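Q: Submitted below is the structure of interest, expressed as structure tokens.
The values are calculated or read from the model by the stated rules, or taken from the named source; none is laboratory data. A quick note: this is a predicted structure, and the numbers were derived from the prediction, not measured. We place every Cβ from the backbone using ideal geometry, glycine too, and count neighbours over all the protein chains shown.
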Amino acid sequence: MLLNIRNIAKKDSSSFPYIVEQNVSVPLRTYETGLVRVNIYRPHDSDTGSQYPVLVTYGPYGKDVHYRNFRKSSFDELDPEYQSAHSAWEVPDPVWWTSHGYILVRADERGVGQSPGMMDTMSQGTSEAFFDVITWTTEQPWSTGKVGLLGISYYAGTQWRVAARKPKGLAAIVPWEGMSDYYRDRCRHGGIYSNAFIRFWWNRQVKVNQYGRARPEGSLVPATIEGTLSEEELNKNLRDQTVDNRINKFMDEPYYATRDYNIEDIEVPLLSVANWGGSLLHLRGNVQGYTHASSKYKFLRFITGRHDLPFYQREEVLLQKSFLDAFLKGEDDRGWTHGEVNPVSVILREGDVGFNNAEKEKQFQRREESAWPLPQTRYTKYYLHSDKAMTLEPPPTETQNTLQWKAMEMAPQPARPPQARGPPPVRDFSKQPSSGMLKFTTAPFQERTEFTGHVRAHLHVRIPQQPGQTPSDIDLFVTIRHLDPNGKEIHYTGTAGDPVPVTKGWLRCSLRTTDPSHPHHRDYLPHRNYRSTDVQPLQVGETYAVDVEIWPTNVVVSPGNTLVFEVAGADTQGCGVFMHDDPTDRPEEVFKGLNELVFGEGDGNYVTLPLIPPA
């Protein structure tokens, strides 16, 4: 039966260095009825008339789930200054921020934790509920009426969408490693379903927090105060991302279309923080969000390191505070509002410092820039040759030649016990058959060379006539790698601390159609609409010229080092938990078989790299 929704708010003014109000009900009134419940952490003198700006977070991980319980190993690595009784995953810590003159409002997303309703993450409906939470916050007696948004990942991704709705009082946003395009950044890379991460994320981190779901004995997720719902009611109140993303493939289907919005509608001051190592989830969105937002004051900052820790490093926390102080308090100690802070700040990945080592990554130098893409960029073509060389010179005029690879050839997935917790195991790509990929290598670089920006591959591909299984479509998985003079790959820190290459890109060739008339289209960044009407089937024996979007990157190549461009028909090393192997999205009868790269066609095969000339 339906639960009896009631007022369950509790207030504690004495146990902590701030006031805690738990499970305060915020009415939904703009687009629908119902409520969202929030926890409020505020300085003690806010009870006696003092007002403060407010930082709001809104997400699906449970506002009452402690960071230690969500991921203990990560919590243990935090600076103790940002550990407290109410620390939570990917959001600001109450002790630090309330002591620096802010109030925190932490919301359980609609349908999650103690907030009843439809659990439909990243949807239009839940974004509308977030809008109402922000509006409500500005009307409270302890609020100055100015609201900022600050959080990582999901708590960043929701910021773009709600900011585009222009809620009253929203004064600044800091989307820290947060995708801005649900389809292109997260769910369907180049039109290919990124199923492994979504499955892990949904089943291990989100679905367990559904409002009304029974908690097993010893669960670290608090039970719904009003009790449990029947399985029938839970299913009725749930849109399962693992199902919706599998059965919906195109941007013109309602599932994706209703999650779309105009980035250009964002006008609020913006600090977008992008991680070079996040080349399978957030990086693209932070760059595109910054590029297309209409904000007068907008800044793009690049970082390195693991996904969870940089947000809490002292240098970065002080930067967050400085930015928010400028736009929520009018206290601008760095000159954000009068041109003293450069719009773009890049960090240069130079040298082999290893991966998942924050101390060694401090060797990377930071450089301030005036715009993105960097104004001095020279988009430079590196041509692919049939002898697997990669050079600045195009191949000599030649008769048509081809190189083949076996699509869908990859190392076997390690066995996984049914009761296993945590991220899925990383596939052992060292055993990947060489017949499953092509590799093109530059000559050793003669001088220090920097590439920073957007990357594009222009390839001529074909399904050849072949005995037995013949594919009817081609999925391209491309990778850029950096090797030292001994041929050892230089890895960088990925999202989970895993070793990742320079960057990656993807394309389903039946969705190869680009839209040069779209305002987001650039020569270095082809735009695709990914509509069902854009599908162009491939014919056996016919050659197709395709442009593959490769995610933006930075790498500094030392003298003697080389770059490798890799073409494959399945995931290769560096994808971590972000694998694309759903059998309904990539059935063998469609994709398994031989693919070809064709030479001597059109303007050739090449990779366009963003060369930054020496100062």
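Q: Which of the residues belonging to the range 591-615 are closer than 10 Å to His460 by Cβ and not polar (S, T, N, Q)? Before you say what the answer is, go through the steps one by one.
A: So the first thing to find is which residues in the range 591-615 are closer than 10 Å to His460 by Cβ, and the list is 596-605.
Answer for the range 591-615, where residues must be closer than 10 Å to His460 by Cβ and not polar (S, T, N, Q): Glu596, Leu597, Val598, Phe599, Gly600, Glu601, Gly602, Asp603, Gly604.
Q: Now for a separate question. Within the range 566-579, identify whether any single residue is surrounded by fewer than 18 Cβ atoms within 10 Å (Cβ to Cβ) and of a type outside the set (Gly, Ala, Ser), and answer yes or no. Talk me through it step by step, then tell me what you get.
A: We begin by selecting, within the range 566-579, every residue surrounded by fewer than 18 Cβ atoms within 10 Å (Cβ to Cβ); these are none.
No; the residues of the range 566-579 include none that is surrounded by fewer than 18 Cβ atoms within 10 Å (Cβ to Cβ) and of a type outside the set (Gly, Ala, Ser).
Q: Tell me which residues, restricted to the range 591-615, are under 30 Å from the mean Cα position of the chain (by Cα), part of a loop (DSSP other than H, G, I, E, B) and not charged (D, E, K, R).
A: Asn605, Pro613
Q: Here's something else I'd like to know. Tell me which of these Glu359 doesn't satisfy, since it passes every other one: (1) more than 11 Å from Thr304 (Cβ to Cβ); (2) at pLDDT below 95; (3) within 23 Å of the chain's Cα centre (by Cα).
A: Only one criterion is unmet by Glu359, namely (3).
Q: Tell me, please, whether a residue that is under 23 Å from the mean Cα position of the chain (by Cα) and of a type in the set (A, V, I, L, M, F, W, C) can be found in the range 327-343.
A: Step one: filter the range 327-343 for residues under 23 Å from the mean Cα position of the chain (by Cα), giving 343.
Among the residues that remain, those that are also of a type in the set (A, V, I, L, M, F, W, C) are: none.
No, the range 327-343 contains no residue that is under 23 Å from the mean Cα position of the chain (by Cα) and of a type in the set (A, V, I, L, M, F, W, C).
Q: Moving on to the next point. Tell me, which residue of the range 449-503 that is in a loop (DSSP other than H, G, I, E, B) and touching a Cys at 6+ places or on another chain (Cβ under 7 Å) is surrounded by the most Cβ atoms within 10 Å (Cβ to Cβ)? Outline the logic, then answer.
A: Kept after step one, since they are in a loop (DSSP other than H, G, I, E, B), are these residues of the range 449-503: 463-474, 484-488, 490-491, 494-498, 501-502.
Adding the requirement that they be touching a Cys at 6+ places or on another chain (Cβ under 7 Å) leaves 473-474.
Values: Asp473: 18, Ile474: 24.
So the residue we want is Ile474.
Q: Only one residue in Arg531, Arg586 is of a type in the set (Lys, Arg), surrounded by 21 or more Cβ atoms within 10 Å (Cβ to Cβ) and within 24 Å of Arg456 (Cβ to Cβ), so which one is that?
A: Working: Arg531 fails: surrounded by 21 or more Cβ atoms within 10 Å (Cβ to Cβ).
That would be Arg586, the only listed residue that is of a type in the set (Lys, Arg), surrounded by 21 or more Cβ atoms within 10 Å (Cβ to Cβ) and within 24 Å of Arg456 (Cβ to Cβ).
Q: Kindly indicate which of Thr304, Thr258 is within 15 Å of Trp176 (Cα to Cα) and either out of contact with any strand residue (DSSP E or B) (no Cβ under 6 Å at 6 or more places or on another chain) or not basic (Lys, Arg) (or both). Quick ask: steps written out before the conclusion?
A: Working: Thr258 fails: within 15 Å of Trp176 (Cα to Cα).
Answer to the selection: Thr304.
Q: Tell me whether the range 541-549 contains one or more residues that are part of a strand (DSSP E or B), of a type in the set (Gly, Ala, Ser) and either surrounded by fewer than 18 Cβ atoms within 10 Å (Cβ to Cβ) or in contact with a helix residue (DSSP H, G or I) (Cβ under 7 Å, 6 or more places away or on another chain) (or both). Give the derivation first.
A: As a first pass, look at the range 541-549 and keep what is part of a strand (DSSP E or B): 543-549.
When the remaining residues are screened for being of a type in the set (Gly, Ala, Ser), the result is 545.
Next cut, either surrounded by fewer than 18 Cβ atoms within 10 Å (Cβ to Cβ) or in contact with a helix residue (DSSP H, G or I) (Cβ under 7 Å, 6 or more places away or on another chain) (or both) only: 545.
Within the range 541-549, one or more residues are part of a strand (DSSP E or B), of a type in the set (Gly, Ala, Ser) and either surrounded by fewer than 18 Cβ atoms within 10 Å (Cβ to Cβ) or in contact with a helix residue (DSSP H, G or I) (Cβ under 7 Å, 6 or more places away or on another chain) (or both).
Q: Moving on. Quick one: Arg367 ticks every box in (1) without any contact (Cβ under 8 Å) to a residue 60 or more places away in the chain; (2) part of a loop (DSSP other than H, G, I, E, B) except a single one, so which number is it?
A: Of (1) without any contact (Cβ under 8 Å) to a residue 60 or more places away in the chain; (2) part of a loop (DSSP other than H, G, I, E, B), only one is false for Arg367: (2).
Q: Something else: Would you mind stating whether Glu32 is under 20 Å from Met122 (Cβ atoms), surrounded by fewer than 18 Cβ atoms within 10 Å (Cβ to Cβ) and either in the same structural domain as Val162 (by TED's automatic domain parsing) or touching a helix residue (DSSP H, G or I) at 6+ places or on another chain (Cβ under 9 Å) (or both)? First the steps, then the outcome.
A: Working: under 20 Å from Met122 (Cβ atoms): yes; surrounded by fewer than 18 Cβ atoms within 10 Å (Cβ to Cβ): yes; either in the same structural domain as Val162 (by TED's automatic domain parsing) or touching a helix residue (DSSP H, G or I) at 6+ places or on another chain (Cβ under 9 Å) (or both): yes.
Considered against the rule, which asks whether it is under 20 Å from Met122 (Cβ atoms), surrounded by fewer than 18 Cβ atoms within 10 Å (Cβ to Cβ) and either in the same structural domain as Val162 (by TED's automatic domain parsing) or touching a helix residue (DSSP H, G or I) at 6+ places or on another chain (Cβ under 9 Å) (or both), Glu32 comes out as yes.
Q: Right, something else. Would you point out which residue out of Leu324, Leu300, Leu318 is assigned to a helix (DSSP H, G or I), among the aliphatic types (A, V, I, L, M) and out of contact with any Gly (no Cβ under 6 Å at 6 or more places or on another chain)?
A: Details: Leu324 fails: out of contact with any Gly (no Cβ under 6 Å at 6 or more places or on another chain); Leu300 fails: assigned to a helix (DSSP H, G or I).
When all the criteria are applied, what remains is Leu318.
Q: Tally time: how many residues in the range 79-88 are crowded, with 19+ Cβ neighbours inside 10 Å, closer than 20 Å to His307 by Cβ and either in contact with a Ser or Thr (Cβ under 7 Å, 6 or more places away or on another chain) or not aromatic (Phe, Trp, Tyr) (or both)? Step through it out loud before you land on a result.
A: We begin by selecting, within the range 79-88, every residue crowded, with 19+ Cβ neighbours inside 10 Å; these are 82, 84, 86-88.
Still in the list and also closer than 20 Å to His307 by Cβ: 82, 87-88.
Add one more test, that the residue is either in contact with a Ser or Thr (Cβ under 7 Å, 6 or more places away or on another chain) or not aromatic (Phe, Trp, Tyr) (or both), and what stays is 87-88.
So the answer is 2.
Q: Suppose the filter is crowded, with 21+ Cβ neighbours inside 10 Å and either of a type outside the set (A, V, I, L, M, F, W, C) or in the same structural domain as Tyr31 (by TED's automatic domain parsing) (or both); does Gly178 pass it?
A: Values: crowded, with 21+ Cβ neighbours inside 10 Å: yes; either of a type outside the set (A, V, I, L, M, F, W, C) or in the same structural domain as Tyr31 (by TED's automatic domain parsing) (or both): yes.
Answer is yes for this residue.
Q: For residues that are more than 12 Å from Trp506 (Cβ to Cβ) and small (Gly, Ala, Ser), scanning just the range 532-590, find the one that is modelled with the lowest pLDDT.
A: It comes out as Gly576.
Q: I'd like the full set of residues that are basic (Lys, Arg) and assigned to a loop (DSSP other than H, G, I, E, B), limited to the range 504-527. Step through it out loud before you land on a result.
A: Step one: filter the range 504-527 for residues basic (Lys, Arg), giving 504, 508, 512, 522.
Result: Arg512, single match.
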